[in-house]
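Worksheet for the structure shown next.
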Amino acid sequence: MVLFSLTGAAIAALLSAPNSAAYLAPQLSNSVATGKSRAFLATYNTKTSSSSLAFHNVDNNNPTQGISALTMGFMEEFMTGRDDQTRKAANEKYLAELQKRVERINELEASIEELGDDEMVAKTEEFRKRLAKGEDINGQILEEAFAVVREAAWRVIEQRHYDVQLLGGLILHDGRLAEMATGEGKTLVSTLPCYLNALSGKTSFVI
């Protein structure tokens, strides 16, 4: 373990496993008065994209005394997979919230199917005006836009977005990564957030 004591924002780096990186930095608020400071160890696992944070006391006169990957709980987190469990639970909660939006998009399908082609085209201008008036792009307009894109895809290329593809579109719009296997319709997924974000007048890129 290597600790760099720097004036101001002191930062230390610890590499203790091939797939993990940890960072140690003292909190300087009480270091002058007490000769001790608080340190935090933030671990990040690049395989699982999981992270954890733990606080410990540091003696400024002997900053490495009593501080190690073991005493700071890093090895326990790494060996037990507790970070993986926390990450999995958070991910499941996030997906459950998105699933509710998928269900609301599905509820719009019947009414969108009844629109004529001209009415479908007019939806784009309607969405743009609503956004220009200050409506939240992450509100109801998101679900309506996704429903319109799905119907348009069916009419033009006879491909309908499945629920898992709607879910992927929501994840991409949220600025996250969505992993999908070959053949699961990644191209079709990209049409959802691309259309939605283009409504604001800003350029949308598909890479």
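No value in this document is a laboratory result; all are computed from the given coordinates. Values in this document were obtained by computation on a predicted structure and should not be read as measured data. Methodologically, a virtual Cβ is constructed for each residue, glycine included, from the backbone with ideal geometry; neighbour enumeration extends over all protein chains shown.
Observations
- For segment 111-207, convex hull volume per residue from C-alpha positions, Å³: 104 Å³
- Fraction of alpha-carbon pairs over 11 Å apart in segment 158-202 - percent: 65 percent
- Nearby aspartates and glutamates by direct alpha-carbon distance to K129 (threshold 20 angstrom, same-chain neighbours under 8 apart not counted): D117, D118, E119, E143, E144
- Net charge, L131 excluded, C-beta distance under 13 Å - Lys, Arg +1, Asp, Glu -1: +1
- If the convex hull is drawn through the Cα atoms of segment 92-144, its volume per residue in Å³: 70 Å³
- Loop-resident sites, segment 105-156, for trypsin sites (Lys or Arg not before Pro), counting at most 10 other Cβ within 10 Å (DSSP): K133
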